[in-house]
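Enquirer: Pasting in a structure now, in structure tokens, and then I'll have a few things to ask.
The values are calculated or read from the model by the stated rules, or taken from the named source; none is laboratory data. On a predicted model such as this, the values are computed, not experimentally measured, just so you know. No Cβ is skipped: glycine too gets one built from the backbone with ideal geometry, and neighbour counts run over all protein chains shown.
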Amino acid sequence: MNIIQRSYQETHRRALVEAGIHPLLAKIYAARSIRSAAELAYSAATLLPPTQLKGMEQAAALLADAIHAGRRLLIIADYDADGATACAVGMRALRLFGANVDYLVPDRFKLGYGLSPELVDLAASGSKGGKPDLLITVDNGIASVEGVARARALGIGTLITDHHLPGAELPQADCIVNPNQAGCTFPSKALAGVGVMFYVMIALRAQLRQRGALKSELNLGALTDLVALGTIADVVPLDANNRNLVAQGLKRIRARRRASTSTSSPGRGSTPPAGSPT
Ligand SMILES: [Mn+2]
């Protein structure tokens, strides 16, 4: 058997040992790029703040205005686990916030990926309960220059939330939130699409609270199970912030399983086919 040791930085290992971590664990953590004991403190309080994401304040204001005006929101999702969980996070949170919101997942065989002009036409045709006022992309949209232009021509607003690397040209959207866009100083570039949308919902809650428009305090931590699922399925690097998000979600999933041990367990489903990469 050939055991290959991951390399680590001695300064990280030493910092962990000095913080009281067992030397063996310190070595393992350091090899996972954990630099300090603070990175092991998994809690909502130690998550990176959403305000560090470029465009976040405008995104929260755009959504708060739209909710207040009773505008029709339509989430443009994606068919993989990251896109589906990002859509679910958006649907659940926005409905809790009182938004008029629906979602649309493009048929990948007919419409491909992203916010294409054809998809905008389909959305505008009102098949999902009338013409939308604002399209919100999740896990896609950063490359949808033409689709955003079509939406603009039709008088439909666009909020792009994505984590993919932008191309040379950005879509002329009302707002873009993407940790990988130029000028975004958010320290974690590894957020999944679902992580970006989760952050947008946290910022929106803060915005609504500030406006006195939050009917009751909502615990968005209840959505971390979806964030964990999408983040792991998208195989993004588990940096400190993603590990924190995933740790909270897994804790929630385990707690629910414990709570449901008295009920009969559901049968095992068939193994899903391997998904395409993000
Ligand atoms: Mn993704």
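Enquirer: Going by the structure shown, is Ala45 assigned to a helix (DSSP H, G or I) and either farther than 30 Å from Leu208 by Cα or in contact with a helix residue (DSSP H, G or I) (Cβ under 7 Å, 6 or more places away or on another chain) (or both)?
Expert: no
Enquirer: So for region 206-215 (the condition being in contact (Cβ under 8 Å) with a residue 12 or more places away in the chain, within 16 Å of the ligand (Cβ to nearest atom) and outside any loop (DSSP other than H, G, I, E, B)), does at least one residue qualify?
Expert: No, region 206-215 has no match at all.
Enquirer: May I ask you to say which residue of Ala168, Ala190, Ala213 is surrounded by fewer than 20 Cβ atoms within 10 Å (Cβ to Cβ), among the aliphatic types (A, V, I, L, M), under 11 Å from the mean Cα position of the chain (by Cα) and at negative phi?
Expert: Just a single option satisfies the conditions, and that option is Ala190.
Enquirer: Considering only region 105-121, how many residues are within 20 Å of Ala84 (Cα to Cα), modelled with pLDDT of 95 or more and more than 16 Å from the ligand (Cβ to nearest atom)?
Expert: Final tally of qualifying residues: 3.
Enquirer: Moving on to the next point. Please tell me if Ala255 is part of a helix (DSSP H, G or I), aliphatic (A, V, I, L, M) and not assigned by TED's automatic domain parsing to the domain that holds Ala81.
Expert: For Ala255, the condition - part of a helix (DSSP H, G or I), aliphatic (A, V, I, L, M) and not assigned by TED's automatic domain parsing to the domain that holds Ala81 - is met.
Enquirer: Tally up the residues in region 179-193 that are within 14 Å of Asn244 (Cβ to Cβ) and within 12 Å of the ligand (Cβ to nearest atom), please.
Expert: Matching residues across region 179-193 total 3.
Enquirer: Hey, can you tell me all the residues within region 216-250 that are in a loop (DSSP other than H, G, I, E, B) and over 27 Å from Ala61 (Cα atoms)?
Expert: Correct list: Asp234, Val235, Val236, Pro237, Leu238, Asp239.
Enquirer: Name the pairs: first residue in region 182-193 and not assigned by TED's automatic domain parsing to the domain that holds Gly167 and polar (S, T, N, Q), second residue assigned to a loop (DSSP other than H, G, I, E, B) and within 16 Å of the ligand (Cβ to nearest atom), Cβ to Cβ under 6 Å, at least 6 apart or on different chains?
Expert: Correct list of pairs: empty, since none qualify.
Enquirer: Tell me which residues, restricted to region 74-88, are within 8 Å of the ligand (Cβ to nearest atom) and either farther than 19 Å from Lys128 by Cα or in contact with a Lys or Arg (Cβ under 7 Å, 6 or more places away or on another chain) (or both).
Expert: Selection gives Asp80, Asp82.
Enquirer: Hey, among the residues in region 216-233 that are of a type in the set (S, T, N, Q) and within 13 Å of Ala44 (Cβ to Cβ), which one's farthest from the ligand (Cβ to nearest atom)?
Expert: Applying the filter and picking the extreme gives Asn219.
Enquirer: Would you confirm whether or not region 17-40 contains a residue that is more than 30 Å from the chain's Cα centre (by Cα), crowded, with 18+ Cβ neighbours inside 10 Å, in a loop (DSSP other than H, G, I, E, B) and of a type in the set (A, V, I, L, M)?
Expert: Yes, because at least one residue in region 17-40 is more than 30 Å from the chain's Cα centre (by Cα), crowded, with 18+ Cβ neighbours inside 10 Å, in a loop (DSSP other than H, G, I, E, B) and of a type in the set (A, V, I, L, M).
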